[in-house]
1. Could you work out which residue, out of 70, 61, 44, moves most in a Gaussian network model of the chain, that is, has the largest mean-square fluctuation with Cα springs under 10 Å?
2. Per residue, how much accessible surface does the chain expose to a 1.4 Å probe? Answer in Å², no decimals.
3. Mean-square fluctuation check for the chain, GNM, Cα pairs under 10 Å: which of 154, 165, 35 is largest?
4. If you take the beta carbon distance between residue 133 and residue 87 as r and set R0 to 25 Å, what does 1/(1 + (r/R0)^6) give as a FRET efficiency, to the nearest 0.05?
5. With a ≥ b ≥ c the root eigenvalues of the C-alpha gyration tensor of the range 67-137, is it rounded (a/c under 1.5), prolate (a/b larger than b/c) or oblate?
6. Quick one: with all protein chains in place, what share of the accessible area of the chain is carbon or sulfur, to the nearest percent (1.4 Å probe)?
7. Not counting ligands, DNA or RNA, and with a 1.4 Å probe, what is residue 27's accessible surface area in Å² rounded to the nearest 10?
8. How many percent of Cα pairs in the chain exceed 25 Å?
Amino acid sequence: MNTLELLAHPVRLRIVHAMRGGRSLTTAELGELVPDVSKATLYRHVDVLAGGGVLEVAEERRVRGAVERRYRLRQERAVVDAEGLSAEDYWRAFTTAVAALVAEFGAYLDRDGADPAADLVGFRQHAVWLSRDELEALIADLRAVIAPRLANQPTAQRARYLLSPILFPAAEPTA
């Protein structure tokens, strides 16, 4: 199974999101981060991701006669290479990402004490007119701002946020 096939499922994509940040989690701990996913479904998708090399076993230990595994994300395997993707592949990847985003947002709103205003939740759409050079500069600027923060490790002072920039040319109205 290629990386697109591995990640082109909303539950698997949510697992990858939950594992980011250098985390090492058991399936039970992962279940606390995606509480709307059944245990059976979670275990099945963790198994698929581990089998595909996106997750690896970081540690194993015996707990009451069973083996408990801690998994970690293999960052280099959790990326889809866009080169050679068809329009259908892009559509599949995009709809999966949007479905995962909707599920993550729903899970956030379902949590006790969810307060979008206090949590500074935001979503905006902007239409911008850009030349190819301006577009490439914008992408470079965004990478420069976001990339250093991807290395942040979890601490008591940090909350995990999901940032999902989406950029594509908008249709032009016909005259």
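1. Top of the fluctuation ranking is 61.
2. 73 Å²
3. 165
4. 0.50
5. oblate
6. 55 percent
7. 10 Å²
8. The share of Cα pairs beyond 25 Å in the chain comes to 42 percent.
The values are calculated or read from the model by the stated rules, or taken from the named source; none is laboratory data. Because the structure is a prediction, the values reported are computed rather than measured. Neighbour counts run over all protein chains shown; Cβ positions are idealised from the backbone, glycine included. In case anyone asks, the SASA skips ligands and DNA or RNA and just uses the protein heavy atoms, side chains included. Shrake-Rupley method; radii C 1.70, N 1.55, O 1.52, S 1.80 Å.
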